[in-house]
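The values are calculated or read from the model by the stated rules, or taken from the named source; none is laboratory data. The shown structure was predicted, so the numbers you read here are calculated from the model rather than taken from an experiment. Glycine also receives a Cβ, built like all others from the backbone with ideal geometry; neighbour counts cover every protein chain displayed. Side chains are part of the model used for accessible areas, which takes the heavy atoms of the whole protein and leaves out ligands, DNA and RNA. Shrake-Rupley method; radii C 1.70, N 1.55, O 1.52, S 1.80 Å.
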Amino acid sequence: MSGLPCRGDCYPAGVSLAERSLALLAAATEALDEAGEHRPGQEQMTEAVARAFETARHLAAAAGTGTGKSLAYLIPAVLSGRRVVVATATKALQDQLATRELPFLADLPESRRLRPGGRPFRWAVLKGRSNYICRQLVAEATRTGLQLELGAPGAANGASGDGDRRTGAGEDLARLLAWSDLSVTGDRAEVDWELPPGAWERLSVDATQCPGRKRCPQGGACFAEAARERAERADIVVVNTHLLVLHLLGTPLLPAHDLVVVDEAHQFEDTVTAIAGVSLTERSLRNAGQEVNAVIARAGAPLASSGRRIAEILPAHHGRRLADDGPPELTEALTLTGTRLAAVVAELRDAQPGDDDAEAQRLRALGAVSALAEDVAALLARPEGTVAFVAGSAAAPELRLAHLEVGEILREPLFAERTVVMTSATLGAATPTALGLERDDYRHLDVGSPFDYRAAGLLYCAADLPPRNSPAFTEAAITELELLVNAARGRTLALFTSHRMLAQAAEALGPRLRWPLLRQGDLPPPQLLARFAADEASCLFATIGFWQGVDVPGPALTLVTLDRLPFPRPDDPLLSARRERIGEDAFRLVDLRRASILLAQGAGRLIRTDADRGVVAVLDPRLATARYREDLLAEVPPLRRTVKRAEVLEFLASL
């Protein structure tokens with residue numbers, strides 16, 4: 001390593017990727033912190049990722065909060081000299097990598113000197129097509145003088161029905177059109193005002209609706225195609241996991257690559273399940289019918305009729321699995337829908353549009369209807385290893401077909417063809433197996449967290465509360481929550497496993513608490529979190545969507561409460577089918593694994609920096625008594641544990 005700081009456009013021959021990665025990490029650490037503080041876990045992970053890339057052996061790396069795992073995988077990716085796809089669970093993390101971490105590394109002189117050839121690296125963000133405004137739809141709307149409302153016939157992607165219309169919709173869309181003329185990327189993330197429901201969908205298309213660059217009048221100016229071209233020139237391509245999965249399923253969306261990083265990998269199984277499956281709703285058929293009507297008058301009416309018929313059948317089966325051969329009335333409706341879709345496809349293929357705009361409309365409609373025809377065929381065929389069920393809400397049911405195992409889907413296109421690094425703060429030991437890896441196929445690494453959790457706070461189980469299934473539990477839990485919130489002087493993120501419990505707690509405590517109470521649904525999530533973080537005395541009551549990804553460092557968040565252990569519903573149709581398939585070990589591999597990861601994610605909202613202090617309180621006595629409690633706590637940050645309320649109240653009062 002003595003000759004490593006090469007001052008030319010080179011690095012010494014024979015120096016491994018791991019050595020170069022550690023050298024760049026040292027330079028990055030020094031640039032970030034004058035004291036040059038090194039994090040052993042970050043160094044360990046950086047070296048492990050580099051060796052995974054060098055040896056082509058997969059890596060599953062658990063890295064707790066504060067490790068700095070983004071740099072730990074980005075540095076070897078930057079120095080590898082190969083194209084790396086980095087897939088994140090959220091678009092927010094995509095943007096963070098592209099606007100903070102990667103530009104920071106690019107500015108370090110060492111990143112160039114330590115790269116093969118000594119050249120700078122390039123990066124790009126690539127999102128799904130519906131994240132970019134469609135130039136063709138913009139052109140059509142502009143030429144028609146914007147005589148449209150949300151839900152107008154022909155609106156792409158689903159804004160439809162009188163319920164979506166509102167005063168000022170035309171003005172919102174006009175503002176969006178004006179923005180599209182000024183935007184460089186056309187990326188929805190750059191829209192800096194709150195869009196009304198349906199506005200973006202009116203001016204964007206998904207992959208099924210897009211006819212392709214060569215067949216679209218605006219193909220040469222397409223924002224989505226420009227993003228793909230940038231990705232083709234990049235060394236690091238940052239995508240969300242949704243796009244990665246679509247690519248793995250056979251839609252060529254990404255440039256050639258053989259190295260992949262999956263961040264927040266604990267969510268990857270659910271992402272694959274959702275995308276690899278099929279979803280059919282009344283709205284999807286109605287919207288397809290509107291697309292068809294814009295090309296051939298009234299030709300889409302049968303699709304809307306099919307949508308209504310299916311919507312009449314589904315509520316009776318809401319929340320349930322469907323038998324392989326039924327119900328008969330649904331099979332009949334799907335068969336008729338398939339016939340109608342085939343007829344519409346034939347009509348669209350024979351249609352003779354009068355101009356370029358009409359041809360673009362025809363191709364969009366043809367793509368949407370063809371995709372629906374494939375979905376209906378799959379729902380009728382029910383392939384081996386899938387389960388059909390009715391999800392969504394009772395008012396808007398959704399017919400779904402899902403795979404029982406995603407490993408079979410990922411094994412060949414992902415793990416056999418590429419070297420994969422999976423990482424998360426809560427990467428359960430069973431996650432790689434669920435994704436299709438055998439134990440000998442990968443290395444497992446847990447680098448922990450640099451935080452001193454025992455000094456940072458307490459994990460409190462309210463063991464004296466009534467059993468969770470007792471009629472007295474709700475009132476007792478709300479009273480316990482009130483004591484804790486008052487001791488914390490607000491500053492609470494109260495997480496609930498159901499909207500019903502959230503509503504009961506908020507209604508009871510709203511008049512009784514001295515601290516401002518924010519509820520999920522009061523504002524869009526980003527604004528709600530911003531208000532919570534800005535007002536140190538406030539409390540935020542929220543459900544499952546806030547158990548992960550919430551990052552509020554500092555004194556504004558001193559107490560995290562969890563109303564119950566987050567076990568999945570026993571009657572969940574997909575998970576019940578997976579339990580049957582697994583057999584006697586189902587509780588450990590399905591229920592306990594999911595609850596453990598989600599519990600750890602919820603608890604992980606508390607300590608976000610080494611200066612944070614506070615309490616995680618679980619209002620479910622099972623955490624103190626259940627035989628599986630140690631398995632549940634395996635992924636939870638190692639805070640000091642207690643069942644003594646007085647100790648918790650005293651600790652909160654001291655903060």
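Couple of notes before you dig in:
- In region 611-622, the qualifying residues are those that are outside any strand (DSSP E or B) and closer than 22 Å to ALA63 by Cα, and the one that is least open to solvent (accessible area, probe 1.4 Å) is ASP612.
- Qualifying residue in region 47-58 (condition: assigned to a strand (DSSP E or B), of a type in the set (A, V, I, L, M) and touching a residue at least 60 places away in the same chain (Cβ under 8 Å)): no
- Hey, GLY428 farther than 21 Å from HIS257 by Cα, open to solvent by 10 Å² or more (accessible area, probe 1.4 Å) and either without any contact (Cβ under 8 Å) to a residue 60 or more places away in the chain or within 25 Å of the chain's Cα centre (by Cα) (or both) or not: no
- Residue among ARG531, ARG581, ARG569 that is of a type in the set (D, E, K, R), over 20 Å from TYR460 (Cα atoms) and in contact with a strand residue (DSSP E or B) (Cβ under 8 Å, 6 or more places away or on another chain): ARG531
Residues checked against (1) assigned to a strand (DSSP E or B); (2) out of contact with any strand residue (DSSP E or B) (no Cβ under 9 Å at 6 or more places or on another chain); (3) surrounded by 21 or more Cβ atoms within 10 Å (Cβ to Cβ):
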| site | (1), (2), (3) |
| --- | --- |
| THR251 | no, yes, no |
| VAL260 | yes, no, yes |
| ALA274 | no, no, no |
| ASN287 | no, yes, yes |
| ALA299 | no, yes, no |
| SER306 | no, yes, yes |
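- Single condition TRP547 does not satisfy, out of (1) hydrophobic (A, V, I, L, M, F, W, C); (2) in contact with a helix residue (DSSP H, G or I) (Cβ under 8 Å, 6 or more places away or on another chain); (3) surrounded by fewer than 17 Cβ atoms within 10 Å (Cβ to Cβ): (3)
- Boolean, ALA199 is modelled with pLDDT under 80, open to solvent by less than 90 Å² (accessible area, probe 1.4 Å) and closer than 25 Å to ALA288 by Cα: no
- Whichever residue in region 182-197 is in contact (Cβ under 8 Å) with a residue 24 or more places away in the chain and closer than 20 Å to ALA139 by Cβ and, among such residues, is farthest from the chain's Cα centre (by Cα): SER183
- Filter result for the condition that a residue is at pLDDT 60 or above, touching a Pro at 6+ places or on another chain (Cβ under 8 Å) and among the aliphatic types (A, V, I, L, M), over ALA139, ALA169: ALA139
- Yes/no for GLY385 being more than 19 Å from LEU137 (Cα to Cα) and crowded, with 22+ Cβ neighbours inside 10 Å: no
- Checklist (1) open to solvent by 30 Å² or more (accessible area, probe 1.4 Å); (2) assigned to a helix (DSSP H, G or I); (3) farther than 24 Å from LEU182 by Cα applied to VAL245, failing item: (1)
- In region 105-142, residue farthest from GLU201 (Cα to Cα) [restricted to those that are open to solvent by 20 Å² or more (accessible area, probe 1.4 Å) and in contact with a Cys (Cβ under 7 Å, 6 or more places away or on another chain)]: ARG113
- From the list GLU580, GLU536, the one residue that fits, being in a helix (DSSP H, G or I), open to solvent by 50 Å² or more (accessible area, probe 1.4 Å) and among the acidic types (Asp, Glu), is GLU580.
- Region 623-648, residues that are in a helix (DSSP H, G or I), open to solvent by 50 Å² or more (accessible area, probe 1.4 Å) and touching a residue at least 12 places away in the same chain (Cβ under 8 Å): THR625, ASP631, ALA634, ARG645, GLU647
- Residues that are polar (S, T, N, Q) and within 35 Å of the chain's Cα centre (by Cα) were ranked within region 343-382; the one that is most open to solvent (accessible area, probe 1.4 Å) is GLN361.
- Selection from region 501-523 of residues that are part of a helix (DSSP H, G or I) and either modelled with pLDDT under 95 or polar (S, T, N, Q) (or both): GLN504
- Matching residues, region 308-342, being among the hydrophobic types (A, V, I, L, M, F, W, C), open to solvent by less than 50 Å² (accessible area, probe 1.4 Å), in a helix (DSSP H, G or I) and farther than 19 Å from CYS210 by Cα: ILE310, ALA311, ILE313, LEU314, LEU330, ALA333, LEU334
- Taking the conditions (1) surrounded by fewer than 18 Cβ atoms within 10 Å (Cβ to Cβ); (2) among the basic types (Lys, Arg); (3) in contact (Cβ under 8 Å) with a residue 60 or more places away in the chain in turn, ARG39 satisfies each one other than (1).
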